[in-house]
Structures are given as structure tokens and as C-alpha cells.
1. Using unit Cβ charges (K, R positive; D, E negative) and no other charged atoms, how large, in debye to the nearest 20, is the dipole of the chain about its Cα centre?
2. Counting only DSSP beta bridges with both residues in the chain, tell me the antiparallel percent, nearest 5.
3. Expressed as a whole number of Å, what is the distance separating the alpha-carbon centroids of segment 1-60 and segment 79-118?
4. Over all directions, average the projected area of the Cα convex hull of segment 6-111 and note it in nm².
5. Residue by residue, what Karplus-based ³J(HN,Hα) values in Hz, rounded to whole numbers, does segment 189-194 have, using 6.51, -1.76 and 1.60 with θ = phi - 60° and x for Gly and Pro?
6. List the DSSP H helices in the chain whose Cα atoms stretch 18 Å or more along the helix axis and whose mean Kyte-Doolittle hydropathy is at least 1.6.
7. Per DSSP helix of 4 or more residues, -39500 (n - 2.57); summed, then divided by the residues of the chain. What does that give at 222 nm, rounded to the nearest 500?
8. Give the aspartates and glutamates whose C-alpha is closer than 17 Å to that of Lys201, dropping any in the same chain fewer than 8 places away, or say none.
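The values are calculated or read from the model by the stated rules, or taken from the named source; none is laboratory data. Predicted, not measured: the structure shown is a model, and the values here were computed from it. All Cβ positions, glycine included, derive from the backbone under ideal geometry; neighbour counts span all protein chains shown. For accessibility, only protein heavy atoms count, side chains too; no ligands or nucleic acids. Shrake-Rupley method; radii C 1.70, N 1.55, O 1.52, S 1.80 Å.
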Amino acid sequence: MLKTIIFDCDGVMFDSQNSNRHYYNSLLTHFGFSEMNEDELHYVHIHSVYDSVKHIFRNYPQQSIEQVHEYRRANSYLPFLKHMDMEPDLLNFLEKTRDNYNLAIATNRSDTMMPLLKEFKLEHYFGKVMTADNSPRPKPAADPLLEIIKHFDCMIGEAIYIGDSTVDEETAKNCGMRLIAFKNDELDADYHVESFTEILKLPVFAD
């Protein structure tokens, strides 16, 4: 019996690629370096900010990574929220599931996750939010999912994860949790959907 629904953020709840592009390019340009290429944009879309900063500055050994993080932490992420696009049927899905299921988030975002939820007035829907900051290890380690299971006192088989990337696929596999692949037919998942509306029609919600 399904009890807990866990959401990835980027690529699932929000189309955040444009926001990520602006955010990480702002870090590079501040320190006088070239903007990301498309491969780097794909990398930062699915990895934590710590891994992403290390990756996009890998060709600039003269730059202190800690200095980049100091600059990042000193400057608000709020200006970049305008580049985030929430999935059009997310709110309807949350309203239809909030009373019957535990709702949680497992993301590799860090200190930008809560401001994002507050900006879009979504924080009250989720009983647990795991990020790269409060998880023992970020995805693809299973730690975020396991912490959520522990919090709600349920079993792996009573939860399902909605993700869109190979990192999400690996995270789910690392603890044996079912996966709903969101807008990505290439993932090895239990279900594949193109919208939240489709999720409610899946057999697992009829158990």
C-alpha cells in the first residue's frame, strides 16, 4: 500500500534549467570566467551545488572554490526564482494527494530549496524536505530517501519516488524504491509519465 510520495525538485516540480543557467553563469562571470557550455548546464541540473561549483570551476585552478561558496552564500538566490517555471498541474496534484499520503522532497538543492518553496507558497504541503545540506550524503546515495522513510515510519515498499534524471534512477535503485520517471523515457523506472495528471491514473494509486 502506497503511503509516501517523494518528489525531486528540478525537472519534476519545476522546470529550472533556465534558472540554473542564469545562477551558475552569474558565479562564473563574477570571477571573470566564461559561461557554461551545454554539457556543464546538464551537469549542474542534476548535481548538488557543491559538486556543480567544483565541476564548472574545474578548469580554473587559480580560483579558490571556498571563495566561490563564500560569494554564493553572501548573495540571495531570490533574484533567480523568476526564471523558475512550476509544472502547471503540480498544485492540483498536491491538493489531491495531501490528505491521503505523506508528501516529501529529496533534492540535491541546498540552501535554495526552502526559499523556493516559500516563494511559490508550497512549504505547507511537505512533511519532510531533504537537501544536499541536511542529508548525510546527497543523491545518488540513498540517504535522502531513507531519511524520509524513517521520518514517516514506513517501509521502502510503501513509498515511491518521482524523478527525472539518471541520478534519481540510481538513488531509487540504491535502496530498492519504486521510481516514476518524469518526462524521461530513457530511465529504468517502474512508470513513465509526462505530467502529474498522469500519475494519479497509475495502478499504484489504485492499490
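1. Roughly 600 debye for the chain.
2. Expressed as a percentage, antiparallel bridges in the chain total about 10.
3. Cα centroid of segment 79-118 versus Cα centroid of segment 1-60: 17 Å apart.
4. 7.2 nm²
5. 9, 6, 9, 10, 9, 10
6. Qualifying helices, which must be both long enough and hydrophobic enough, do not occur.
7. -10500 deg cm²/dmol
8. Asp89, Glu95, Asp190
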